[in-house]
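Let me begin by handing over the structure; questions about it come next.
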Amino acid sequence: MVFSLLMGVVFALCQHFLYRWLHHQNVKDEDKKFRYVLYGRALAYCAKVAFGGCAVLVLRQRIWRAFRDRALSVLSIDQLFGATEDPTIFGNWEAISSAPFVVAIAMVVWLIPIATIIFSPGALTFGNYEDRQSLELMVPTVNFTAETNKNWRKPVGFVGGGNKRSVMYYNTTSRDPTAPGLFDYYDQPSAELKRTALLLAYNGMNHPNIRQDGRQGACGGSFNCTYEQTFVAPGYQCTEIAKGVNDMGRLKDLGAPFNTSELVPTGRYVYKAEVDFGAYARPQLPEDQVEKGPGGYPLDTPPEDLGVFKSEPVLWIGHSYNTSETIKADDPLASNWTHRYEPRIIRCVHMETEYKVMWDWKEPFFHSMATRKYLHPIIDTNHTIGEDGKPDLTVPPGPKENYISPRGDVSLYKKTAAYYALGEMFRTFLRGRVEMEPPLPGPGYAVVQSDHFTNTRLVGKSSEPKRNLSEEIESFYADMVISLLSAPEMLTVDNERVMVNRSNFKSSFVYVPQRLWQCYAPVIFITLLILAFGALTIWEDGTTFSTGFSRILVTTRNTTLDDISRGACLGNDPFPIELMHTKLKFGVLNEHTDVEYQNGDGYQGVGHCAFGVASEVGPIRRGIPYAGLQRRSKRQKVEKYED
Ligand SMILES: *[C@@H]1O[C@H](CO)[C@@H](O)[C@H](O)[C@H]1NC(C)=O
Ligand SMILES: *[C@@H]1O[C@H](CO)[C@@H](O)[C@H](O)[C@H]1NC(C)=O
Ligand SMILES: *[C@@H]1O[C@H](CO)[C@@H](O)[C@H](O)[C@H]1NC(C)=O
Ligand SMILES: *[C@@H]1O[C@H](CO)[C@@H](O)[C@H](O)[C@H]1NC(C)=O
Ligand SMILES: *[C@@H]1O[C@H](CO)[C@@H](O)[C@H](O)[C@H]1NC(C)=O
Ligand SMILES: *[C@@H]1O[C@H](CO)[C@@H](O)[C@H](O)[C@H]1NC(C)=O
Ligand SMILES: *[C@@H]1O[C@H](CO)[C@@H](O)[C@H](O)[C@H]1NC(C)=O
């Protein structure tokens, strides 16, 4: 019994470990899958056999107790013997009431296969699960270092074919690359930069442009992934200088080129941008001082300030927005305006910026969030402010030691030029003005004097700039920088190793241990109870019992039975009804009826146990030696000696 139970537990554990091994395993081969499932079921079957075996052994032990306790009809005795094969016992009240434990154990034997064979394999299913992993991967990033070392005379190959592209074009001072004092100076943004910038500016969407296979590239395959990266690139830092019609103070200090009086409602503009004060001159030299054709070769010794970055234009942007607040009739503005407009002036400075970008690639979308930390102005010079309060362009900006010259630190010059090219590209989208015809006397409409501005995402409906233009400009520019990643042929696009958290859905075995143990725990517990009960019964009985044919043979050696079963010796079915209802009991045959028999045996006082009618059998007592095998063999030996 104990061995049976132990084996049951071992098989259940085997099933558990098999399933655990299969858990989240992606088995492609259908044939293998099928086999693994069968192995699990085979173990479940073995567990059933073991647990059932334990219960059956106890059942057999206990049956005899039932036969001894009460006289039962032959039908009930039949059914009790066959309780594990024939469920009709559960409809026999006599059996249930006389031998409740036996019937209960039989019930358990019937139920064990349901828990083990039918339900336990249900703990292993086949499904999709989200496989998460964290690993280091190469992801695209922006790195301007390559621009600082780039010499256009030495092309850098690109794995996709062709050469890497710079964000800018250079002019140079001599055709002869070995000429003394030769240097390259910035000309303009490159065609590739123009393309990526224009694509972003015109796509009207609120995110950077990415490559179509950006997610696969970054996540290293068909995954969803998130990661964070930092890089240094240019950024615009905007501050609001004036807010409202009469806010003039800071405008004067900073030398704003215009004030809010030009903006709606006092002026005509809903948008006015001055973005070119102190811009790098193009051409740098008058036409008669350079060779004809491309390259911008100076004819004479180049002047000292050729190609020098003296200042980076500050963006001065004025805009007005509709506050949706209605104007009262007695207000002087009421003659032309129905709703109050609020003017603002913002100033944006081009800064070297540390970007921290959180990428969240989630099929089919992606999300990127950039936080910016502004480091320092790219060209740290200021224009002096003239008497009219505007920047004085006749005086060179200062201080001079912050100028960035192509003859000095070349890599700093090239980095500055690359940043400048991005800023220059961006400024083309902001340049221009938008006038507004007031709604009274009407009709009100916007008059656009700009090539690009109203096509960008900075503009809301009806050609008016968005209300939070300051943040919009900053993030628009940030997205333009990040959009460089959409053009892997750019020199500024590099790869770096970062920690990536990625996930995807895998179809595989899914094992839920809970489900398995929900099946086995009650089975093990109940079998354990039954085992304990069986052990107790054995101890009480002082012997073990079984139900084989031989046991039936030896327990029916009673002449009374011969009498009542006359005519039914074939074992035929149906069995005579009246015989079926005869009540029999197992016990020690009464001494006085069996006295002859005992005398014949010659063993006085040794009882004989058999089935019999209730009146002829007495109780079996523990520890009394009834006619048993040992005695028999002794007697046979004695007979031999007598011979
Ligand atoms: C940028 O690239 C250079 C080499 O081209 C490398 O030394 C540097 O570490 C890179 N910077 C970042 C932030 O990856
Ligand atoms: C605002 O600018 C206008 C024209 O540019 C000028 O006439 C006016 O004096 C300025 N207002 C202030 C307060 O400076
Ligand atoms: C570079 O050279 C070309 C051709 O001579 C000229 O058109 C262009 O203006 C030059 N660029 C600068 C910044 O001088
Ligand atoms: C300003 O906003 C209000 C309410 O949103 C709208 O009714 C009105 O037409 C707007 N004014 C203009 C000039 O668009
Ligand atoms: C403002 O309204 C008055 C009266 O309705 C009109 O004469 C004037 O032209 C309007 N001003 C503008 C700038 O449209
Ligand atoms: C330029 O002006 C800004 C704003 O007033 C100031 O913060 C900055 O220090 C100035 N830069 C130089 C080099 O003077
Ligand atoms: C990525 O996430 C989305 C949304 O949660 C999901 O629909 C998609 O199946 C996921 N893709 C992969 C490859 O895990």
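How big is Rg to Rh over the stretch 220-259, alpha-carbon atoms, Rh as the Kirkwood inverse-mean-distance radius?
That ratio equals 1.41.
At a 1.4 Å probe radius, carbon and sulfur cover how many percent of the accessible area of the chain? It would help to have the intermediate numbers written out before the result.
Details: 18570 of 33320 Å².
The C+S portion of the solvent-accessible surface of the chain is 56 percent.
Another one. Quick one: what Rg and Dmax do you get for the stretch 262-384 from the alpha carbons, in Å?
23.1, 69
Sorted by accessible area with a 1.4 angstrom probe, largest first, how do 316, 517, 539 fall?
Reading off the accessible areas and sorting them downward yields 539, 517, 316.
Related question: How would you classify the stretch 186-311 from its alpha-carbon gyration tensor, with a ≥ b ≥ c the square roots of the eigenvalues: rounded for a/c under 1.5, else prolate if a/b is greater than b/c, otherwise oblate?
It comes out oblate by the Cα gyration axes.
In whole Å, what are the extents of the stretch 443-523 along the principal axes defined by its C-alpha atoms, from largest to smallest?
85, 44, 21
Among rounded, prolate and oblate, which fits the stretch 1-117 when a ≥ b ≥ c are the square roots of the eigenvalues of its C-alpha gyration tensor, a/c under 1.5 means rounded, and a/b larger than b/c means prolate?
Prolate.
Give the average over all directions of the projected area of the C-alpha convex hull of the chain, one decimal, in nm².
57.6
Where does the charge balance sit around residue 299 when Lys and Arg score +1, Asp and Glu -1, over other residues with C-beta under 11 Å from its C-beta?
That sum, taken over residues with Cβ under 11 Å, equals -3.
Right, here's the next one. Taking only protein heavy atoms into account and a 1.4 Å probe, give the accessible area per residue of the chain in Å².
52
Where the only charges are on Cβ atoms (+1 Lys, Arg; -1 Asp, Glu), what is the dipole of the stretch 29-157 about its Cα centre, to the nearest 20 debye?
Details: 14 positive and 12 negative charges, 89 e Å.
About 420 debye.
With every protein chain in place, what's the accessible area of residue 622 (1.4 Å probe, Å², nearest 10)?
Roughly 140 Å² of residue 622 is accessible to a 1.4 Å probe.
Tell me, what is the percent relative contact order of the chain, built from C-alpha pairs under 8 Å that lie six or more residues apart?
23
Here is a follow-up. Roughly how big is the chain's charge dipole about its Cα centre, with Cβ charges of +1 (Lys, Arg) and -1 (Asp, Glu), in debye to the nearest 20?
Numbers: 68 positive and 71 negative charges, 447 e Å.
Here the size comes out at about 2140 debye.
Using a 1.4 angstrom probe on the protein heavy atoms only, could you order 4, 335 from most to least accessible area?
Descending order: 335, 4.
Can you give the angle from 0 to 90° between the axis of helix 30-69 and the longest principal axis of the chain, with both taken from C-alpha atoms, to the nearest 10?
Between the helix axis and the principal axis of the chain, the angle is about 30 degrees.
If a paramagnetic tag sat 7 Å from the Cα of residue 262 along the Cα-Cβ line, which residues of the stretch 433-447 would have the backbone N under 20 Å from that point?
In the stretch 433-447, the label zone of residue 262 (backbone N under 20 Å from the point 7 Å along Cα→Cβ) covers 433-438, 446-447.
Which entries in the list 373/400; 164/194; 243/328 go over 19 Å, if you measure between the two C-alpha atoms of each?
Pairs exceeding 19 Å: 373/400; 243/328.
Putting +1 on Lys and Arg Cβ atoms and -1 on Asp and Glu Cβ atoms, find which of 114, 359, 182 reaches farthest to the positive end of the dipole of the chain.
114
Given the pairs 356/390; 150/310; 154/310; 272/356, which are separated by over 24 angstrom at their Cα positions?
Numbers: 356/390 36 Å; 150/310 22 Å; 154/310 28 Å; 272/356 31 Å.
In this structure, 356/390; 154/310; 272/356 lie more than 24 Å apart at Cα.
Looking at the chain, which Cys residues are left with no other cysteine's beta carbon under 4.7 Å from theirs?
14, 46, 54, 519, 569, 609
Here's a follow-up. Going toward the positive end of the dipole of the chain, with +1 on Lys and Arg Cβ and -1 on Asp and Glu Cβ, which of 286, 516, 225 do you reach last?
Of the candidates, 516 comes out farthest on the positive side.
For the stretch 144-491, just say rounded, prolate or oblate: build the C-alpha gyration tensor, square-root its eigenvalues into a ≥ b ≥ c, call rounded for a/c under 1.5, and beyond that prolate if a/b exceeds b/c, oblate if not.
Working: a/c = 2.22, a/b = 1.31, b/c = 1.70.
Oblate shape, in that a/c is at least 1.5 and b/c is the bigger or equal ratio.
Also, quick follow-up: Express in nm, to one decimal, how much length is gained between residue 37 and residue 568 on full extension, taking 0.36 nm for each residue of separation and deducting their alpha carbon distance. Spell out each step's value before the answer.
Values: separation 531, 0.36 × 531 = 191.16 nm, distance 5.02 nm.
Contour length minus Cα-Cα distance gives 186.1 nm.
Accessible area of residue 164, 1.4 Å probe, to the nearest 10 Å²?
Rounded to the nearest 10, the figure is 40 Å².
Here's something else I'd like to know. Scan the stretch 419-525 for GluC sites (Glu not before Pro) in coil per DSSP, keeping those whose Cβ has at most 15 other Cβ atoms within 10 Å, and list them by number. Before the final figure, lay out each step's value.
Numbers: sites: 424, 435, 471, 472, 474, 489, 496; in loops: 489.
Of the GluC sites (Glu not before Pro), the ones in loops of the stretch 419-525 whose Cβ has at most 15 other Cβ atoms within 10 Å are 489.
Just to be sure I understand the model, the point goes 7 Å from the Cα along the line to the Cβ. What's the resulting residue 85 to residue 466 distance in nm?
Between residue 85 and residue 466, the simple spin-label model gives 8.3 nm.
The values are calculated or read from the model by the stated rules, or taken from the named source; none is laboratory data. Since the structure is predicted, the reported quantities are computational estimates derived from the model, not experimental observations. No Cβ is skipped: glycine too gets one built from the backbone with ideal geometry, and neighbour counts run over all protein chains shown. What goes into the accessible areas is simple: the full protein's heavy atoms, side chains included, and nothing from ligands, DNA or RNA. Shrake-Rupley method; radii C 1.70, N 1.55, O 1.52, S 1.80 Å.
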